[in-house]
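Written below as structure tokens is the structure these notes are about.
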Amino acid sequence: MNSDTRNDVPQGMRIIPREAHSISRKNISKAALRVLYRLHDAGFAAYLVGGAVRDLLLGGHPKDFDVATNATPEEVKGLFRNCRLIGRRFRLAHVVFGPEIIEVATFRGTGEEGAAGEGDRHIVDGRIVRDNIWGTIEEDAVRRDFRVNALYYDIADFSVRDYVGGMQDLDDRTMRLIGDPEQRYREDPVRMLRAARLAAKLGFTIDTSASAPFKKLGHLLTEASPARLFDESLKLFLAGHGLKSFKMLEACGLLEFLFPATARALERGDTALRALVEQGLANTDARIAEGKSVTPAFLYAVLLWGEVRDQAHGWMAQGLDMNEAWQRAAVHVVGEQCQRVAIPRRFTFTMEEIWALQPRFEQIHRKRVFRLMSHPRFRAAFDFLLLRAHESERMRELGEWWAHAQQLPPEMLAAALGGGGVPAHDGSTVAATAPARKRRRRRKPTRGKGDSGGS
């Protein structure tokens, strides 16, 4: 396919020589360099491509490095004993170096009449369900989604090749699609989420032509694989820019197709719920920035809390037992959500526990307090309680009470509860002492690693 067959593709190719760009090999993974050099030495074209090139040009530090080549997957496998071939929809080679995987993709062809390439491409109702036609680097460039993702770093001369205007978009800090946006979204609806995610991550705007089809085509996300949407949700919310991604999804009108229960609850105008969701996302971003562990379970519990809470209260208003009401609400909301995003059971189980423990924080009785504090999910549920401070003054005071109670030695807490009193909120009675720390160490092994994502 000629480079001038798409309206928004500039004529010709732009080559940015080494002295005119900022990419240095010292910032490229050693594993990626080994793959690039071995392919080059074997006579194949070898390019670093996609997000790694984009981020390096922006001064970032990519975590993943992808390689594009004219070698077929079988030829790549022949060069690397530590290589495995994956995928049927998109056949790829993964070259494994310990914990690091370098993904190597053969140049994709357009599959159009008269274009170079061979292989297998299958389209159903405008959507690509299999794409294994090999082609040229020029075809590969116009097959990529966004122009900023179609930049190639050539290991042969350390230049950057720009076939579609990606360098201009980096300068403009704008996300533009390659080709007709509506057609590209129909080919792969998840590109709409990628547009929102990358714009949030990079601090870019989405070009009007790229965002205009969201309202018309957003519903196509409901037909995407729930397992794939789970992976995409992790990239949206657990990569350090979750709050920005959430706001971008709302602004683009895409949240309702990914988390319908969250969108419904927020549409009711509950300012306390919005504060809880945004603070939970902000706290998660902060933990990631500090190198701390996070879990999807806590974040999904935050996102779905409004709908679960409202349904549980509705069931209780009809006379249903409290425990059964919360269980029924959790099962219903999780079941609906998993039809969109396939949240694994190991996470939904933790979410349900966090929700179920919330009403138990209001039961300030001696046996129940100590029983709750020994629960494996106590810390995650307590962090969740703190996020609920905006719901009411009562909830804020409850959070303060439990925060202080954890600092008391067990015998002092037991005496206060047994005598009908409660510890003071201002911490004047006692600070965190050795017995309290010892008690927390004994309880720590029972908590799931990374349960807390909120504080």
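The values are calculated or read from the model by the stated rules, or taken from the named source; none is laboratory data. All of these numbers come straight from a predicted model, not from anything done at the bench. Quick reminder, even Gly has a Cβ in these numbers, built from the backbone with ideal geometry, and neighbours come from all protein chains shown. Protein only, heavy atoms only, side chains kept; ligands, DNA and RNA dropped before computing areas. Shrake-Rupley method; radii C 1.70, N 1.55, O 1.52, S 1.80 Å.
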How many residues does region 171-204 hold that are part of a helix (DSSP H, G or I) and either in contact with a helix residue (DSSP H, G or I) (Cβ under 6 Å, 6 or more places away or on another chain) or open to solvent by less than 10 Å² (accessible area, probe 1.4 Å) (or both)?
13
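Among the residues of region 366-381 satisfying the criterion of being assigned to a helix (DSSP H, G or I) and open to solvent by 10 Å² or more (accessible area, probe 1.4 Å), which is nearest to L234 (Cα to Cα)?
Step one: list which residues in region 366-381 are assigned to a helix (DSSP H, G or I), which gives 366-373, 378-381.
This time we only want the ones that are open to solvent by 10 Å² or more (accessible area, probe 1.4 Å), so: 366-368, 370-371, 379.
Numbers: R366: 40, K367: 39, R368: 35, F370: 35, R371: 33, R379: 22 Å.
Once the filter is applied, the top-ranked residue is R379.
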Only one of these conditions is not met by D270: (1) more than 28 Å from D64 (Cβ to Cβ); (2) surrounded by 17 or more Cβ atoms within 10 Å (Cβ to Cβ); (3) modelled with pLDDT of 95 or more. Which number is it?
(3)
Tell me, which residue of region 1-33 that is open to solvent by 40 Å² or more (accessible area, probe 1.4 Å) and hydrophobic (A, V, I, L, M, F, W, C) is modelled with the lowest pLDDT?
M1
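Look through region 293-349, keep the residues that are aromatic (F, W, Y) and farther than 30 Å from H241 by Cα, and return whichever of them is nearest to the chain's Cα centre (by Cα). It would help to see each step written out before you state the result.
Restricting attention to region 293-349, the residues satisfying the condition of being aromatic (F, W, Y) are 298, 300, 305, 315, 326, 347, 349.
Adding the requirement that they be farther than 30 Å from H241 by Cα leaves 315, 326.
Details: W315: 33, W326: 28 Å.
Only one residue fits best here, namely W326.
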Within region 102-109, does at least one residue satisfy the condition of being open to solvent by less than 60 Å² (accessible area, probe 1.4 Å) and at pLDDT below 90?
yes
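A quick yes/no check of all residues on (1) open to solvent by 20 Å² or more (accessible area, probe 1.4 Å); (2) touching a strand residue (DSSP E or B) at 6+ places or on another chain (Cβ under 9 Å); (3) part of a helix (DSSP H, G or I); (4) among the β-branched types (V, I, T):
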position: I288; (1), (2), (3), (4): yes, no, yes, yes
position: L299; (1), (2), (3), (4): no, no, yes, no
position: R309; (1), (2), (3), (4): yes, no, yes, no
position: E324; (1), (2), (3), (4): yes, no, yes, no
position: G335; (1), (2), (3), (4): yes, no, yes, no
position: R346; (1), (2), (3), (4): yes, no, yes, no
position: I364; (1), (2), (3), (4): yes, no, no, yes
Contact list please: Cβ distance under 6 Å, first residue in region 154-165 and over 22 Å from L33 (Cβ atoms), second residue assigned to a loop (DSSP other than H, G, I, E, B), pairs at least six apart or on different chains.
Y163/M13; V164/V9; V164/A150; V164/I178; G165/P10
(1) assigned to a strand (DSSP E or B); (2) over 29 Å from the mean Cα position of the chain (by Cα); (3) modelled with pLDDT of 90 or more: which one isn't true of E139, the others all being true?
(1)
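Taking L243, is it open to solvent by 30 Å² or more (accessible area, probe 1.4 Å) and modelled with pLDDT of 95 or more? Reasoning before the result, please.
Working: open to solvent by 30 Å² or more (accessible area, probe 1.4 Å): yes; modelled with pLDDT of 95 or more: yes.
Yes.
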Only one of S233, S209 is within 16 Å of R340 (Cα to Cα), at pLDDT 95 or above, polar (S, T, N, Q) and in a helix (DSSP H, G or I); which?
S233
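Filter region 110-135 down to the residues that are open to solvent by 50 Å² or more (accessible area, probe 1.4 Å) and part of a loop (DSSP other than H, G, I, E, B), then identify the one that is modelled with the highest pLDDT. Steps first, answer last, please.
Of region 110-135, the ones open to solvent by 50 Å² or more (accessible area, probe 1.4 Å) are 112-114, 116-125, 127, 129-130.
When the remaining residues are screened for being part of a loop (DSSP other than H, G, I, E, B), the result is 112-114, 116-118, 125.
On the way: E112: 53, E113: 44, G114: 41, A116: 43, G117: 44, E118: 48, D125: 48.
Step by step, filter region 110-135, then rank; the result is E112.
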How about region 57-95: which of its residues are touching a residue at least 40 places away in the same chain (Cβ under 8 Å), over 30 Å from the mean Cα position of the chain (by Cα) and open to solvent by less than 10 Å² (accessible area, probe 1.4 Å)?
F80
Only one of (1) in a helix (DSSP H, G or I); (2) out of contact with any Phe, Trp or Tyr (no Cβ under 8 Å at 6 or more places or on another chain); (3) not acidic (D, E) fails for L217. Which number is that?
(2)
Can you pull out the residues in region 382-396 that are among the basic types (K, R), surrounded by fewer than 18 Cβ atoms within 10 Å (Cβ to Cβ) and touching a helix residue (DSSP H, G or I) at 6+ places or on another chain (Cβ under 7 Å)?
R396
I want to confirm something. Restricting to region 255-267 and keeping residues that are touching a residue at least 60 places away in the same chain (Cβ under 8 Å) and within 13 Å of E307 (Cβ to Cβ), which single residue is surrounded by the most Cβ atoms within 10 Å (Cβ to Cβ)?
F259
Which members of region 34-56 meet the condition of being part of a helix (DSSP H, G or I) and open to solvent by 50 Å² or more (accessible area, probe 1.4 Å)?
R34, Y37, R38, H40, D41
